[in-house]
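A short worksheet on the structure shown next.
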Amino acid sequence: MTDPSGVAVSEFSTPPAGEVREGGQDRQEARSLWSDAWRELRRNPLFWISVVLIVVLLTMAVAPQLFTSTDPRYGDLAVARQPPSAEHVFGTTSQGYDVYARVIHGARASILVGVLTSIGTVVVGGLIGLISGFYGGWLDALLSRVGEIFFAIPLLLAGILTFYLFPPDLEDPLILQVLTVVGVLVLFGWPSLARLMRGAVLQVKPNDYVNAARALGASAPRLIFQHILPNAVAPMIVVATLNLGTYIAVEATLAFLGIGLRSPAISWGIDISLASSIGLVRAAPHMLIFPSIFLTVTILAFIMLGDAIRDAIDPKLK
Amino acid sequence: MGSYVLRRLLQMIPVIIGATFLIFAMVFGIGDPAAGRCGERACPEAFLVQFRQEYNLDEPLIVQYGLYMAKLLTGDFGESFSGLSVAEELINRWPTTIRLAVIAVCFEALVGIAAGILAALRKGRFLDYLVTLSSLLVISIPVFVVGSLSQLVFGIRLGIFPVTATEGGWFDLLLPGLVLGSFSVAYIARLMRSTMIENLRSDYVRTARAKGLGPGRTVGVHTLRNSMIPAITYIGYDLGALMGGAVVTERIFNINGIGGFLFYGINTKDGTIVVGTVTCLVLVYLLANLLVDVLYGVLDPRISHD
C-alpha cells in the first residue's frame, strides 16, 4: 500500500512494483519508475556535469569565504576599473570593488531566488493541482479560472509592475529582500505547475489501484498522498527543475532593469546592469563578462539537470 | 469550428477582466495609489487632488474599477507626470516595437525550425549534437546578457552593426531583433527536434513508408506538416511575449519603442507610464494568445472537434 513506485503517467508502462510476479527472468520489470530513472541518470554524463556545477555553486552560496577572502563591498578607488591582474584576477569595477569577490558573493542571491521559488511553486502549484484534479467540480473550475488569470500576466511584466509598486526595502537583510522576490515569482509562477499536476492527477485517478484503495476505505488524504501524489509528481519535478533556471534569469533581469534586488545587495544581475552602460562596456568589458559567465553557467547547470531528469523519467523523448 | 471560436472568445472574457482587475487591485487596492507617480519627490498637493478626482478614488473600489476599465476601453491610459499622453506615446512607438518583434519572429521561425529539422533527421550524429548543445547554451544565456555582449562584440569591437538603434530603421533593429529572438530560436529548435523525432516514429509515418512512399514525401509531407504545429503555436504566443521582453532589448540598444518607454517610466519613477504600458502589453499578449488558439483550431482539426 505504501509503495511509492509505479506509473506516473499512462505513457510509463512499468506496472506498480507490487503487482509484478516474483521470479528470475522478470526481475528487470520489478524496478520502480524511480530506480529505473536513477539507473538512467547515472549513465548520463550531462547529469554528472550539472551535479558537480551545482554542488560548487551551492558551496559558493553557503560559504563564499572558502573561495575568496576579499570583502566584496570594499571599494578602493585607487584601483578602479582595472583589467584582470594577478592581484585582482577578474579585474576591478568602477567603484574599485574586486570583481572576483563580487561574483563569488553574488551566487547567494541567485541560488536562493531560484531554489526557493522552485520549491514555492511546487508546493503551491502542486497542492492546488492535486486539489483540482482530485475533487473536480466547482472547486476545480474556480481554481482553474484563478490560475488562468495569474497565468495571463507574463512573469517579467508581473515582476516589473509589482516591484515598481512595492519596492523591497533596502534596509532589510538580504534574506527578506530575496523572500519578497520569491513571493512575487511564486504568486505568478504557480499556475503552470498546477495545470501540469492537475493533468497528471486526472490520468492517475481512474487507475485500479486507486479504486482498490478507495474500496478498502482509504480516506481522501491517504488516497491523495499515498497513492496519487507519488505516481503523478514526476512531470512536475522535471518542469520545476527546468524552471529554476528561468527564475534565476527573471530575477537577474529585474535587477538589470533596476528593480527587484538593488545595491547594496550583491547579485549578478545588479553587477551586469552596472557594467552594461555603453561607456563602461567599452572601457571595462571584464566588469560585464565575468558576472555574465557565472550567471549563464548557473542557469545552464540547472537546465542540464532538468533535461537529464526528463530524459530519465520520460523514455519517449530519448 | 464556429462553436470552438465562440467558446474560446467567451473563455477569454473572464481572463481579461480578471487580469485587468488584478493589475488594478495592485495599483489602487493595496498601498498608496499615488506612490511612485512623481519621480523621486513626494507628490505635490495639487497633483494629489487632481489624481484622486481623475481615478475616482473617493468611490468604492468596484466602481473605481468600472470607471477605470471604461477609460482603458476608450483608449485613455492617463497622463504622465510631465504631461505626456501615455496612449498617444504608445501609438507613436508601436511601429518600432512591432518591427523589432517581426525581425525576432522571422529569425525564430527560419533558423529555429530549420535547425530542429536538421537535428532530428541527423539524430545521434554530429549535426544533432551541435544543434542540441548550442541551443542548450543559448537558452541558458539571459537575453540581457546576450544583448550586452553582442553590443560589445558586434557593435563596439567589430563595428558591423550600429551600437544603438535610436532611429529605429530596419537595419538598425537587426541586431536587437536577433538578440530578442535568441532565447526562442533555441527553444524552437529543441521543440521542433523532439516533435520531429516523435512523429518520425509514429504509426502513420510507418504506414506511409510501408506504402512505398519516398523519403521526400514521408518526411516532407507526413512528418513535417504535423511537427510544425507546436512550433507555429509557440511562435504565435511568443509574438505577444516578445513585446514585453522588448523592455530589456530596447533599454540596451536605446530604442524608442514600447519597451524603451516602460524603462523610461521605471527610471523616472512615473507610475502612470509603468502601469499603462504594462496593462497595454498584457492585453496585447492576451489577444495574441487568443488569435493563436483560434488559428490552432484551423491548423489542427482535432482541437476544434472535441
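The values are calculated or read from the model by the stated rules, or taken from the named source; none is laboratory data. Values in this document were obtained by computation on a predicted structure and should not be read as measured data. For neighbour counting, all protein chains shown are included, and Cβ atoms are generated from backbone atoms with ideal geometry for every residue, glycine included. These accessible areas exclude ligands, DNA and RNA; they are computed on the full protein's heavy atoms, side chains included. Shrake-Rupley method; radii C 1.70, N 1.55, O 1.52, S 1.80 Å.
Give the Kirkwood hydrodynamic radius (Å, one decimal) of the protein assembly as shown, defined as one over the mean of 1/r across all pairs of different Cα atoms. Each step should come with its number before you reach the end.
Values: mean 1/r = 0.0378 Å⁻¹.
Final number for the Kirkwood radius of the protein assembly as shown is 26.5 Å.
For B:Phe47 and A:Ser277, what is the calculated FRET efficiency with R₀ set at 45 Å and r taken between the beta-carbons, to the nearest 0.05?
Working: r = 32 Å, r/R0 = 0.70.
Computed FRET efficiency for B:Phe47 and A:Ser277 comes out at 0.90.
Quantify how strongly other chains surround peptide A:297-303 by giving the mean number of their Cβ atoms within 10 Å of each of its Cβ atoms. Numbers along the way, then the final one.
On the way: counts 2, 1, 5, 5, 1, 1, 4.
For this peptide, the per-residue mean of nearby foreign Cβ atoms is 3.
Restricting to Cα pairs below 8 Å that are 6+ residues apart, what does the relative contact order work out to for chain B? Please round to a whole percent. Spell out each step's value before the answer.
Working: 354 pairs, mean separation 80.8, N = 306.
Relative contact order comes out at 26 percent.
Compute the Rg/Rh shape ratio of chain B: radius of gyration over Kirkwood radius, all on alpha-carbon atoms.
On the way: Rg = 23.3 Å, Rh = 22.0 Å.
That ratio equals 1.06.
Would you mind calculating the relative contact order of the range A:136-198 from Cα pairs under 8 angstrom and at least 6 residues apart, reporting the percent as a whole number?
Values: 25 pairs, mean separation 32.4, N = 63.
Dividing the mean separation by the residue count of the range A:136-198 yields 51 percent.
Extension gain A:Ala215-A:Tyr74, at 0.36 nm per residue separation less the Cα-Cα distance, in nm? Display every interim value, and only then the final one.
Working: separation 141, 0.36 × 141 = 50.76 nm, distance 6.73 nm.
Length difference between fully extended and current span is 44.0 nm.
With a 1.4 Å probe on protein heavy atoms only, tell me which residues of the range A:229-268 lose at least 40 Å² of accessible surface in the complex relative to the chain by itself.
So the qualifying set is A:Phe256, A:Leu257.
Using a 4.7 Å cut-off between beta carbons, which cysteines in the protein assembly as shown end up with no partner cysteine at all?
By the Cβ distance rule, which asks for a partner under 4.7 Å, the isolated cysteines are B:Cys106, B:Cys280.
Nearest 100 Å², what total accessible surface is buried between chain A and chain B (probe 1.4 Å)? If you can, show how the numbers build up before the last one.
Numbers: alone 15970 and 16230 Å², together 28110 Å².
The buried area between A and B, both sides summed, comes to about 4100 Å².
What are the DSSP H helices in chain A that stretch 18 Å or more along their long axis, judged by alpha-carbon atoms, and whose average Kyte-Doolittle hydropathy comes to at least -0.5? Write down the numbers at each step before the final one.
Numbers: long enough: A:45-62 (26 Å, 2.65); A:99-135 (53 Å, 1.46); A:137-151 (21 Å, 0.90); A:174-204 (42 Å, 1.66); A:234-256 (34 Å, 1.49); A:285-313 (42 Å, 1.50).
Answer set is A:45-62, A:99-135, A:137-151, A:174-204, A:234-256, A:285-313.
So, by mean Cβ neighbours within 10 angstrom, what's the order for B:274-287, B:17-30, B:67-80, B:166-179 with the highest one leading? Could the numbers behind the result be given before it?
Numbers: B:274-287: 22.5, B:17-30: 17.8, B:67-80: 15.5, B:166-179: 19.4.
Final packing ranking: B:274-287, B:166-179, B:17-30, B:67-80.
Got a number for the accessible area of B:Arg52? Probe 1.4 Å, square angstrom, nearest 10.
For B:Arg52, the solvent-accessible surface is approximately 110 Å².
With θ set to phi - 60° and the Karplus curve 6.51 cos²θ - 1.76 cosθ + 1.60, what are the ³J(HN,Hα) couplings of the range B:229-244 in order, to the nearest whole Hz, using x for Gly and Pro?
In residue order, the calculated couplings are 4, x, 5, 5, 4, 4, 4, x, 4, 5, 4, x, 5, 4, 4, x Hz.
Suppose only helical runs count, i.e. DSSP H with n ≥ 4. What mean residue ellipticity at 222 nm does that imply for chain A under -39500 (n - 2.57) per run, divided by all residues and rounded to the nearest 500 deg cm²/dmol?
-21000 deg cm²/dmol
What is the extension gain from B:Ala25 to B:Glu198, computed as 0.36 nm multiplied by their sequence separation minus the C-alpha to C-alpha distance, in nm to one decimal? Could the numbers behind the result be given before it?
Working: separation 173, 0.36 × 173 = 62.28 nm, distance 4.48 nm.
Full extension from B:Ala25 to B:Glu198 adds 57.8 nm.
Over its Cα atoms, what ratio of radius of gyration to 2.2 N^0.38 Å does the range A:68-196 give?
Numbers: Rg = 20.7 Å, N = 129, 2.2 N^0.38 = 13.9 Å.
After normalising by residue count via 2.2 N^0.38 Å, the value is 1.48.
Based only on Cα atoms, what Rg/Rh ratio does chain A have, Rh being taken as Kirkwood's radius? Working shown, then result.
Numbers: Rg = 23.3 Å, Rh = 21.8 Å.
So for chain A, dividing Rg by the Kirkwood Rh gives 1.07.
At each listed q (0.15, 0.17, 0.26 Å⁻¹), what is the log10 of I(q)/I(0) that the Debye formula gives for the range B:25-87 modelled as equal alpha-carbon point scatterers?
-0.48, -0.62, -1.37
For the range B:1-57, what size does the Cα cloud have along each of its three principal axes, sorted from largest down, in whole Å?
Extents along the principal axes: 56, 19, 17 Å.
Can you list the residues, at least 5 places off or on another chain, whose amide H is less than 5 Å from the amide H of A:Thr92, using H built in the peptide plane?
Amide H neighbours of A:Thr92, under 5 Å, 5+ apart: A:Arg81, A:Gln82, A:Val99.
How high is the FRET efficiency from B:Arg217 to A:Val62, r the C-beta distance, R0 60 Å, rounded to 0.05? Don't jump to the answer; show the numbers that get you there.
Numbers: r = 58 Å, r/R0 = 0.97.
That pair, B:Arg217 with A:Val62, gives E of 0.55.
Over all directions, what mean area does the Cα convex hull of the range B:256-306 project, stated in square nanometres?
Details: hull surface 17.9 nm².
Reported value for the Cα convex hull: 4.5 nm².
Enter the per residue convex hull volume of the range B:187-254, computed from alpha-carbon coordinates, in Å³ rounded to the nearest integer.
Details: hull volume 5.7 nm³, N = 68.
Spelled out: Cα convex hull of the range B:187-254, divided by residues, is 84 Å³.
Kindly express, to the nearest 10 degrees and within the range 0 to 90, the angle between helix B:86-107's C-alpha long axis and the longest C-alpha principal axis of chain B.
With both axes taken from Cα atoms, the answer is about 10 degrees.
Could you grab the relative contact order for chain A? Cα pairs under 8 Å, six or more apart, rounded to a whole percent.
25 percent
What order do you get for A:262-270, B:219-227, A:40-48 when each peptide is scored by the mean count of other beta carbon atoms within 10 Å, highest first? It would help to have the intermediate numbers written out before the result.
Values: A:262-270: 22.3, B:219-227: 17.9, A:40-48: 14.3.
So the peptides A:262-270, B:219-227, A:40-48, ranked by packing, come out A:262-270, B:219-227, A:40-48.
From the C-alpha gyration tensor of the range B:13-172, pull out the three semi-axes of the equivalent ellipsoid (sqrt of 5λ each), sorted largest to smallest, in whole Å. Each step should come with its number before you reach the end.
Numbers: eigenvalues 400, 97, 49 Å².
Semi-axes from the Cα gyration tensor: 45, 22, 16 Å.
If you fit an axis through the alpha-carbon atoms of helix B:271-299 and take the longest principal axis of the Cα set of chain B, what angle between them do you get, 0 to 90°, nearest 10?
30 degrees
At a probe size of 1.4 Å, how large is the accessible area of B:Arg99, to the nearest 10 Å²?
60 Å²
How fast does the range A:25-107 diffuse by Stokes-Einstein, in µm²/s, taking the Kirkwood radius from C-alpha pairs at 4 °C and 1.567 mPa s? Numbers along the way, then the final one.
Values: Rh = 15.8 Å.
D, rounded to a whole number, is 82 µm²/s.
Taking the range A:104-178, how much of its Cα-Cα pair set, in percent, is spaced more than 15 angstrom apart? Mind dumping the intermediate values first?
On the way: 1965 of 2775 pairs.
Value for the range A:104-178: 71 percent of Cα pairs lie more than 15 Å apart.
With a 1.4 Å probe and all protein chains left in place, how much of the accessible area of the protein assembly as shown comes from carbon and sulfur atoms, in whole percent? Don't skip to the end; give the middle numbers.
Numbers: 18110 of 28110 Å².
Heavy-atom surface of the protein assembly as shown belonging to carbon and sulfur, 1.4 Å probe: 64 percent.
Sorted by accessible area (1.4 Å probe), largest first, how do A:Tyr74, B:Tyr187, B:Tyr65 line up? Provide the component values of the computation, followed by the final result.
Values: A:Tyr74 140, B:Tyr187 85, B:Tyr65 25 Å².
Largest accessible area first, the list is A:Tyr74, B:Tyr187, B:Tyr65.
Could you tell me what fraction of 2.2 N^0.38 Å the Cα radius of gyration of the range B:215-257 comes to, as a two-decimal ratio?
Numbers: Rg = 16.9 Å, N = 43, 2.2 N^0.38 = 9.2 Å.
Normalised Cα radius of gyration, the range B:215-257: 1.84.
Measuring from centroid to centroid over Cα atoms, what is the spacing of the range A:248-318 and the range B:106-171 in Å?
Value for the Cα centre distance between the two parts: 17 Å.
Per 5 Å bin, what is the whole-percent P(r) computed from every C-alpha pair distance within the range A:136-288?
2, 8, 13, 15, 14, 12, 11, 8, 7, 5, 3, 2, 1, 0, 0
Return the distance in nm (one decimal) between the two label points of a simple spin-label model at A:Phe166 and B:Leu6, each offset 7 Å from Cα along Cα→Cβ.
4.2 nm
For B:Leu299 and B:Ile17, calculate 0.36 nm times their separation in residues minus their Cα-Cα distance, and state this gained length in nm to one decimal. Please list the in-between numbers first.
Working: separation 282, 0.36 × 282 = 101.52 nm, distance 2.83 nm.
98.7 nm is the gain from fully extending B:Leu299 to B:Ile17.
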